[in-house]
Amino acid sequence: TQLLEQSPQFLSIQEGENLTVYCNSSSVFSSLQWYRQEPGEGPVLLVTVVTGGEVKKLKRLTFQFGDARKDSSLHITAAQPGDTGLYLCAGARNYGGSQGNLIFGKGTKLSVKP
Amino acid sequence: EAGVAQSPRYKIIEKRQSVAFWCNPISGHATLYWYQQILGQGPKLLIQFQNNGVVDDSQLPKDRFSAERLKGVDSTLKIQPAKLEDSAVYLCASSLAYRVAGELFFGEGSRLTVL
C-alpha cells in the first residue's frame, strides 16, 4: 500500500513568518499535486509537479519535487492569514497513459494568525 | 463555468438507516470520482468512473456502499445500512478523461453524521 506522509500535521504561525511543509513516500510517483482545502469546501489544486527535481513557484509559494520523485515540499514565504487551510499532497501513478488513482496524504493544517 | 455540484450538503441519520448522495460533474468531464474524507484525514478514493463504466472500486465497501453513473453524467452514491464509522464528508470530483497529471475539480462535499 502506498502511503504519503505529511509533516507537520499541524502548524500555527504568525503572519509574516516562513514555513515548509513536507510530503514523503517510499513509492515513486509519476506526478504529485498539492491541494488546499478550506473548511466546508472541497480541495482546490495549487500545482502539479511531474519531473524529478522540478521547482515551481506560485507567488509566495514554492513547490519542489524530489529528484527520485518520492517526496515533495511546499515552502510559503511571509505567510498571510489567507494562507490558512489544510494543505494536501496527492501522488499519482499512471496506468497506460491515463491518470491512475490519486493517493492523498492526511494533510497539514496551517493556521496563520494576524 | 459551473463547478461540481453535490447534494445534500448535510445529512444526519441513525445507524442502520440508508442515505444517498448526488453529484453532477463539470460538463464534458468524463471521469468522476467519489472520495470519503474522515475528519483529520485526507480523501480516500471509493470509486472512479470513466463515462458510465467503473475504473476502480477496490476500496468501496461493497456490502453497504453502492454507486452508479447510468448515463455517464450524474452519479449517486448510496450507503445502506449506515454504520457509525461512515460519518465523514463525501467528496465528488471530476476530471477530463485520460489526462496525465490532470486536475481534479472537487465539489463542496456532503457531510454525513451517523448517530
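Ranking B:Tyr35, B:Tyr10 by Cβ neighbours within 10 Å, fewest first, what do you get?
Taking fewest neighbouring Cβ atoms as first place, the list is B:Tyr10, B:Tyr35.
Quick one: if you stick a label point 7 Å off each Cα along the C-beta vector at A:Glu38 and B:Ser27, how many nm between them?
2.6
Can you compute the modelled spin-label distance between A:Thr77 and A:Leu3, with each label point 7 Å from Cα toward Cβ, in nm?
With each label point 7 Å from Cα toward Cβ, the separation is 3.5 nm.
Starting from 0.36 nm per residue, how many nanometres of slack lie between A:Val28 and A:Lys59 once their C-alpha separation is accounted for?
Roughly 8.4 nm would be gained on extension.
Can you list residues from other chains, or at least 5 along the same chain, whose modelled amide H is less than 5 Å from the amide H of A:Glu17?
A:Ala79
Read phi for every residue in segment A:52-65 and hand back ³J(HN,Hα) as whole Hz from Karplus 6.51 cos²θ - 1.76 cosθ + 1.60, θ = phi - 60°, with x for Gly and Pro.
Couplings: x, x, 5, 10, 10, 10, 9, 6, 8, 9, 10, 10, 10, 9 Hz.
With both bridge residues required to lie in chain A, what share of the DSSP beta bridges run antiparallel, to the nearest 5%?
Rounded to the nearest five, the antiparallel share is 90 percent.
I'd like the distance between the alpha-carbon centres of segment A:1-29 and segment B:26-42, rounded to an integer number of Å.
Distance between centres, Cα-based: 21 Å.
Label segment B:51-115 by shape, choosing from rounded, prolate and oblate, from the square roots a ≥ b ≥ c of the eigenvalues of the Cα gyration tensor; if a/c is under 1.5 it is rounded, and otherwise prolate applies when a/b is larger than b/c, oblate when it is not. Intermediate results must be reported in sequence, preceding the final value.
Numbers: a/c = 2.16, a/b = 1.60, b/c = 1.35.
Since a/c reaches 1.5 and a/b is larger than b/c, the shape of segment B:51-115 is classed as prolate.
Counting only DSSP beta bridges with both residues in the protein assembly as shown, what percent are antiparallel, rounded to the nearest 5?
Antiparallel bridges make up about 90 percent of those DSSP assigns within the protein assembly as shown.
Quote to one decimal, in nm, the extra length available between B:Glu85 and B:Ile38 on full extension: 0.36 nm per residue of separation minus the C-alpha distance between them. Please report the intermediate quantities before stating the final value.
On the way: separation 47, 0.36 × 47 = 16.92 nm, distance 0.88 nm.
Extra length from B:Glu85 to B:Ile38 when fully extended: 16.0 nm.
Could you run the Karplus curve 6.51 cos²θ - 1.76 cosθ + 1.60 with θ = phi - 60° over segment A:81-88 and give me ³J(HN,Hα) per residue in whole Hz, x for Gly and Pro?
Using θ = phi - 60°, the values come out as x, x, 7, 4, x, 9, 9, 10 Hz.
May I ask for the longest run of chain B untouched by trypsin sites (Lys or Arg not before Pro) that are loop-located per DSSP and have at most 11 neighbouring C-beta atoms (other than their own) within 10 Å?
The segment B:17-61 is the longest one with no such site.
Let me know the mean shielding of B:59-65 by other chains, meaning the per-residue number of their Cβ atoms within 10 Å of its Cβ.
Details: counts 1, 0, 0, 0, 0, 0, 0.
For this peptide, the per-residue mean of nearby foreign Cβ atoms is 0.
Provide the FRET efficiency to the nearest 0.05 for the B:Val55-A:Glu17 pair, computing r from the beta carbons and using R0 = 35 Å.
On the way: r = 42 Å, r/R0 = 1.21.
Computed FRET efficiency for B:Val55 and A:Glu17: 0.25.
Give me the percent relative contact order of chain A, please, defined on Cα pairs under 8 angstrom at least 6 residues apart.
35
Using 24 Å as the Cα-Cα cut-off, could you pick out the over-long pairs in A:Lys109/B:Lys78; A:Lys109/B:Lys15; B:Lys11/B:Lys71; B:Lys15/B:Lys78?
A:Lys109/B:Lys78; A:Lys109/B:Lys15; B:Lys11/B:Lys71
HN-Hα J couplings of segment A:33-38 from phi, Karplus 6.51/-1.76/1.60, θ = phi - 60°, integer Hz, Gly and Pro as x?
10, 10, 10, 10, 10, 9
Please rank A:Ser31, B:Ser66, fewest neighbouring Cβ atoms within 10 Å first, as an exposure proxy. Present the calculation step by step, with values, prior to reporting the outcome.
Numbers: A:Ser31 22, B:Ser66 16.
In order of increasing Cβ crowding within 10 Å: B:Ser66, A:Ser31.
How high is the relative contact order of chain B? Use alpha-carbon pairs under 8 Å, at least six apart in sequence, and give a whole percent.
The normalised contact order for chain B reaches 37 percent.
Could you give the length gained on full extension between B:Thr76 and B:Tyr10, defined as 0.36 nm per residue of separation minus the Cα-Cα distance, in nm?
Length gained between B:Thr76 and B:Tyr10: 22.2 nm.
Given H placed on each backbone N at 1.01 Å, which residues far from A:Gly107 in sequence or on other chains put an amide H within less than 5 Å of it?
A:Gln6, A:Cys89
A:Lys57: which lysines have alpha carbons under 17 Å from its alpha carbon, excluding same-chain residues fewer than 8 sequence positions away?
none
Can you give me the Cα centroid spacing of segment A:36-61 and segment B:44-115 in angstrom?
23
No value in this document is a laboratory result; all are computed from the given coordinates. No experiment lies behind these values; they were computed from the predicted model shown. All Cβ positions, even for glycine, are placed from backbone atoms using ideal geometry, and neighbour counts span all protein chains on display.
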